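Remarks on the structure that follows.
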Amino acid sequence: MKKINAAIVGTGFIGPAHLEALRRIPTIEVTSLVEVNQELADQKAALLGIENAYTFEAMLKDERIDVVHICTPNFLHFRQAKAVLEAGKHVVCEKPLAVKIDEAEELVRLAAQKGLVNAVHFNLRYYPMVRQMKTMRERGELGEVYAVMGSYLQDWLFLQTDYNWRLEPDKSGDSRAIADIGSHLLDITEYVTGLKITEVLADFSTVHKTRLKPLKDIETYSGKMLSMDDYQEVPINTEDHATVLLRFDNGSKGSITVSQVNAGRKNRLNIEIAGSKSNFEFNSERPNELWIGKRETANSQLMKDPALVHPEASALVSFPGGHNEGFPDTSKQMFKEVYAAIREGKQPEKANFPTFADGLRELIIGERIIESNKKQAWVKI
Ligand SMILES: NC(=O)c1ccc[n+]([C@@H]2O[C@H](COP(=O)([O-])OP(=O)(O)OC[C@H]3O[C@@H](n4cnc5c(N)ncnc54)[C@H](O)[C@@H]3O)[C@@H](O)[C@H]2O)c1
């Protein structure tokens, strides 16, 4: 089978995660990468074993490249995704799809016009237990959704000295915790329940009103140590923590809390969905388990096992029961679906994977959440 050639733009934290996932699928070859400058691109290409270290423009001109993965800071997604589509290549873009709604709308329109495959890396949908919850809900095993309670907690911005481009609105957008991790949680909420969020009431807090910005560049999660002379104190305008009340289109209610300052919570998405037949709880730090609550019989803990989950979920399982799968597997499973469409040469009419339209949806919800926090009032989506 002919290999599909891919390029990766941005090789900090998540770019190499895309690379590793793609390398686990035999029909894909990552031939090229792009970095912020040629020197870094050459270094990263040698480190990661990638043949071509290109400038962005040179990469666009290489006709052998079929698909481009955009793994750069948020403010670059729109202009880079647009240029890739205009060059006639398929795109897998990191979340958020853009920083403004009108940019995301333009990308949705352009991708449809060009007929190219477009995906946004909402990879957390690809935990088999998330697909299992969705499938159980579709089969009526959850019942009517009564309520949703979600949280996404991290601690990597816990200290005043923790710093990253995500703290700068010109690079990250006007929201931080909601855009960065809340977007995954809101995506999963609608994906699993099949409901649409219709109204939001948000309350943000910025725990560190100023932070100590390193005067040298550091990559996300790299954990490098600096001395006090290497820092400058800067004001912070985006949220470390947010709580949002949700109203859904079936009349039910929910809430989410997101935080990047909860000590000890490394990267914990937790969602509990109460239905009229069962109650589901999923925690991304224990992704091989799904808790199913019952009123009249014993509660159960489903362990990931391809023989025990529905076929839609076992399609996302590569190993037998007891062989744990985790975060790196979610991207592999997602790319299998995206690249099946790329092999067909066009976006499926009803894509199973998260598309630019889903990326736009998250931006709309995110902007309404920011507006609600500013007004301290309910805002309609
Ligand atoms: N889906 C997920 O689970 C997930 C997880 C982490 C990050 N992300 C998203 O991925 C994106 C990148 O995040 P990260 O944590 O990897 O950031 P990072 O800072 O670790 O890496 C960003 C990389 O982009 C490079 N870069 C910057 N400007 C560039 C340019 N003009 N051209 C080419 N490369 C350039 C940087 O040098 C760096 O290597 C963000 O949008 C973030 O929201 C998604």
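What is the magnitude of the charge dipole of the chain about its Cα centre, with +1 placed on the Cβ of each Lys and Arg, -1 on the Cβ of each Asp and Glu, and no other charges, expressed in debye to the nearest 20?
740 debye
Given segment 128-323, report the % of alpha carbon pairs whose separation exceeds 30 Å.
So the portion of pairs separated by more than 30 Å is 32 percent.
Which of E272, E281, E190 moves the most in a Gaussian network model of the chain with Cα springs under 10 Å?
Looking only at E272, E281, E190, the largest GNM fluctuation is found for E190.
Choose one of M133, I342, S255: the residue whose Cα lies farthest towards the positive end of the charge dipole of the chain (beta-carbon charges +1 Lys, Arg; -1 Asp, Glu; about the Cα centre).
Among M133, I342, S255, the one farthest towards the positive end of the dipole of the chain is M133.
Can you count the Lys pairs in segment 181-281 whose Cα atoms are under 23 Å apart, with each pair 8 or more apart or on different chains?
Lysine pairs meeting the criterion: 9.
Quickly work out the K350-to-A315 label distance, labels modelled 7 Å from Cα along the C-beta direction, and quote it in nm with one decimal.
1.2 nm
Let me know the shape class of segment 267-381, please: from the alpha-carbon gyration tensor, a ≥ b ≥ c as square roots of the eigenvalues, rounded when a/c is under 1.5, otherwise prolate if a/b is greater than b/c, or oblate.
Oblate is the answer for segment 267-381, as a/c is 1.5 or above yet b/c matches or exceeds a/b.
How much net charge surrounds T55 when only other residues with a Cβ under 14 Å from its Cβ are counted (Lys, Arg +1; Asp, Glu -1)?
It works out to a net charge of -3.
For the chain, what does the relative contact order come out to in percent, with C-alpha contacts under 8 Å and a separation of six or more?
Computed value for the chain: 21 percent relative contact order.
After finding the eigenvalues of the alpha carbon gyration tensor for the chain, what semi-axes result from the square roots of 5 times each, listed largest first in whole Å?
Over the Cα atoms of the chain, the ellipsoid semi-axes are 31, 27, 21 Å.
What residues have an amide H closer than 5 Å to that of G275, excluding those fewer than 5 places away on the same chain, when H is modeled at 1.01 Å from N in the peptide plane?
Excluding prolines and chain starts, which carry no amide H, the hits are Y146, F280.
Using +1 on the beta carbon of Lys and Arg, -1 on that of Asp and Glu, and nothing else charged, what's the dipole of segment 128-323 about the Cα centre, debye to 20?
On the way: 23 positive and 28 negative charges, 90 e Å.
Dipole magnitude for segment 128-323 comes out near 440 debye.
Straight-line reach from K61: which lysines have Cα under 29 Å away, leaving out those fewer than 8 places along the same chain?
In chain and number order, the partners are K2, K3, K44, K82, K89, K95, K100, K114, K171, K332, K336, K346.
Out of V120, F353, S314, whose Cα points farthest toward the positive end of the dipole of the chain (charges: +1 Lys, Arg; -1 Asp, Glu; placed on Cβ)?
S314
Magnitude of the Cβ-charge dipole of segment 81-184, K/R +1 and D/E -1, about the Cα centre, nearest 20 debye?
460 debye
Running a GNM on the chain with Cα contacts under 10 Å, which residue among P287, P311, P73 ends up with the highest mean-square fluctuation?
Maximum among the listed residues: P311.
Laboratory data are not the source of any read-out in this text; all were calculated from the coordinates shown. As the structure is a computational prediction, the values presented were derived from the model and not from experiment. Counting neighbours? That spans all protein chains shown, and the Cβs are built from the backbone with ideal geometry, glycine included.
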